[in-house]
1. Please enumerate the residues belonging to the range 63-82 that are more than 15 Å from ligand 1 (Cβ to nearest atom) and touching a helix residue (DSSP H, G or I) at 6+ places or on another chain (Cβ under 7 Å).
2. Let me spell it out: the conditions are (1) farther than 22 Å from Leu326 by Cα; (2) within 13 Å of ligand 1 (Cβ to nearest atom); (3) more than 20 Å from the chain's Cα centre (by Cα), and Ala111 meets all of them except one. Which number is the exception?
3. Picking from Leu152, Leu235, Leu158, which residue would you name as being within 21 Å of the chain's Cα centre (by Cα), assigned to a loop (DSSP other than H, G, I, E, B) and away from ligand 1 (no atom under 16 Å from the Cβ)?
4. Quick one: count up the residues across the range 242-271 that are among the hydrophobic types (A, V, I, L, M, F, W, C), under 21 Å from the mean Cα position of the chain (by Cα) and at negative phi.
5. Looking at Asp57, Asp18, which is the one that is charged (D, E, K, R) and either within 30 Å of Cys261 (Cβ to Cβ) or assigned to a helix (DSSP H, G or I) (or both)?
6. Just need a number here: residues in the range 83-102 that are of a type in the set (A, V, I, L, M, F, W, C) and within 11 Å of ligand 1 (Cβ to nearest atom).
7. Under 7 Å by Cβ, and 6 or more places apart or on different chains, what pairs join a residue from the range 207-228 that is under 20 Å from Thr280 (Cα atoms) with one that is aromatic (Phe, Trp, Tyr)?
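The values are calculated or read from the model by the stated rules, or taken from the named source; none is laboratory data. This is a predicted model, so every value here is computed, not measured. So basically every Cβ, Gly included, is an ideal-geometry build from the backbone, and we count neighbours across all protein chains shown.
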Amino acid sequence: MSSTLWRNARIMTFSGPDPWGAIERGALLADGTQLKWVGRDMDIPRGLDVAVENDLDGALVTPGLIDSHTHLVYAGQRAAEFELRLQGASYEQISRAGGGIRSTVAATRAASDEELFASAAARLDQLAADGVTTVEIKSGYGLALEHERRCLRVARRLGRERLVEVRTTCLAAHALPPEYGDGADEDDYIDAVCGWLAPLHAEGLIDAVDAYCERIAFSREQTARVFDEAKRLGLPVKLHAEQFSDCGGAALAASYGALSCDHLEYVSAQGVAAMAAAGTVAVLLPGAFYALRETRAPPIDALRRAGVPIAIATDHNPGSSPTLSLRLILNMACTLFGLTALEALRGATVHAARALGLSDRGRLASGLRADFAVWDLEEPAELVYWIGGNACRHVVCGGTRLDIAQGAATSASVRA
Ligand code: NIG
Ligand code: FE
């Protein structure tokens with residue numbers, strides 16, 4: 001396959017000794033889906049077989065952003081709950097009254113596969129328009145084998161029909177479905193979930209297994225049973241942990257070598273230490289913190305001191321984080337949680353890749369995927385500083401350019 005060269009760019013590679021891995025007047029050479037060479041324009045090797053050459057006119061280039069935690073496949077919306085919260089109801093109260101996740105489950109079950117695909121594809125395109133090239137998508141609004149399967153199939157289809165890469169996570173242990181009564185049958189539901197993992201895995205639908213360990217969801221013991229089954233199947237685990245209370249979920253997940261623990265507002269010192277020892281990534285979700293008007297931020301200093309890698313994700317979902325801009329979320333990570341611009345950007349690139357168990361992306365270097373975003377910006381900190389707006393000129397996913405302006409987020413996009 002012939003190569004494509006992009007030159008005259010300010011590249012933040014996140015590789016090498018400099019924290020940004022900055023290359024002024026840099027160039028990238030892609031061969032097929034992979035980067036073949038990254039360096040300074042003046043060092044471009046001679047005699048390359050370059051089919052297409054693009055002058056980026058001094059634009060800023062970063063690795064394609066990675067959204068490592070989303071719930072993208074669902075039907076309906078929950079604006080009415082937003083209004084209830086504005087009137088003083090809490091997320092937990094709404095959830096206990098049968099709203100929340102369960103209301104999205106009802107809408108999702110009633111939607112056709114085609115409707116689920118069309119709405120999720122439109123959302124995925126919006127994420128891509130803001131620089132995202134890899135997205136993790138969780139199930140968890142089906143809560144019955146056939147509906148979890150449908151949602152995971154839709155996620156896989158998005159990965160096939162869109163340029164953006166999709167990783168799927170089974171979050172069947174997200175909430176108790178209505179047919180399991182009110183709390184009494186939680187263990188029976190967990191038994192059922194454990195029984196679904198093997199067939200869904202055999203169908204190639206799952207890359208990882210997640211659960212919601214919280215006083216309004218499942219206990220540590222119930223989570224452990226789901227993780228035991230994931231482990232038996234050789235699937236990596238991650239956990240919604242310590243969002244509203246310290247349930248000891250982070251330490252439990254770390255004991256299973258979890259890829260990530262997500263939320264973590266209430267994580268304890270022991271939880272942080274366990275994550276550090278296990279190499280588990282902390283995925284922080286400032287969108288949910290903001291939307292639910294939480295006041296206790298995750299313990300950023302403790303995570304830093306322990307050397308826990310910090311990732312930042314949208315947590316896109318219709319209840320607690322209805323946003324499709326990862327850049328806006330990076331801004332919130334800085335303004336609400338006190339991260340630096342560099343930490344936030346590493347959290348949507350290098351550390352986000354790690355939260356998904358991926359070592360072939362999140363940085364720009366020879367041999368890695370040719371996934372990058374081209375920004376009409378001068379400084380990398382601008383990615384975090386501007387609140388909203390359009391900054392992304394285009395993204396390149398696996399060596400193929402996706403034209404944001406045309407909304408052409410399909411694999412039929414032009415290679416340029
Ligand atoms: O990550 N915490 C649980 N799940 C989602 C919220 C889902 C919903 O409210 O629909 C989250 O915030
Ligand atoms: Fe979530």
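1. Residues satisfying the conditions are Leu65, Ile66.
2. It is condition (2) that Ala111 fails.
3. The conditions single out Leu235.
4. The total comes to 8.
5. Within the list Asp57, Asp18, the selection yields Asp18.
6. Summing the residues that are of a type in the set (A, V, I, L, M, F, W, C) and within 11 Å of ligand 1 (Cβ to nearest atom) in the range 83-102 gives 2.
7. What qualifies is Ala211/Phe218; Tyr212/Phe218; Glu214/Phe244; Phe227/Tyr256.
The rows are residues; the columns are (1) more than 23 Å from Pro318 (Cα to Cα); (2) of a type outside the set (Gly, Ala, Ser).
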{"site": "Glu242", "(1), (2)": "no, yes"}
{"site": "Ser245", "(1), (2)": "no, no"}
{"site": "Gly248", "(1), (2)": "yes, no"}
{"site": "Gly257", "(1), (2)": "yes, no"}
{"site": "Asp262", "(1), (2)": "no, yes"}
{"site": "Gly271", "(1), (2)": "yes, no"}
{"site": "Pro286", "(1), (2)": "no, yes"}
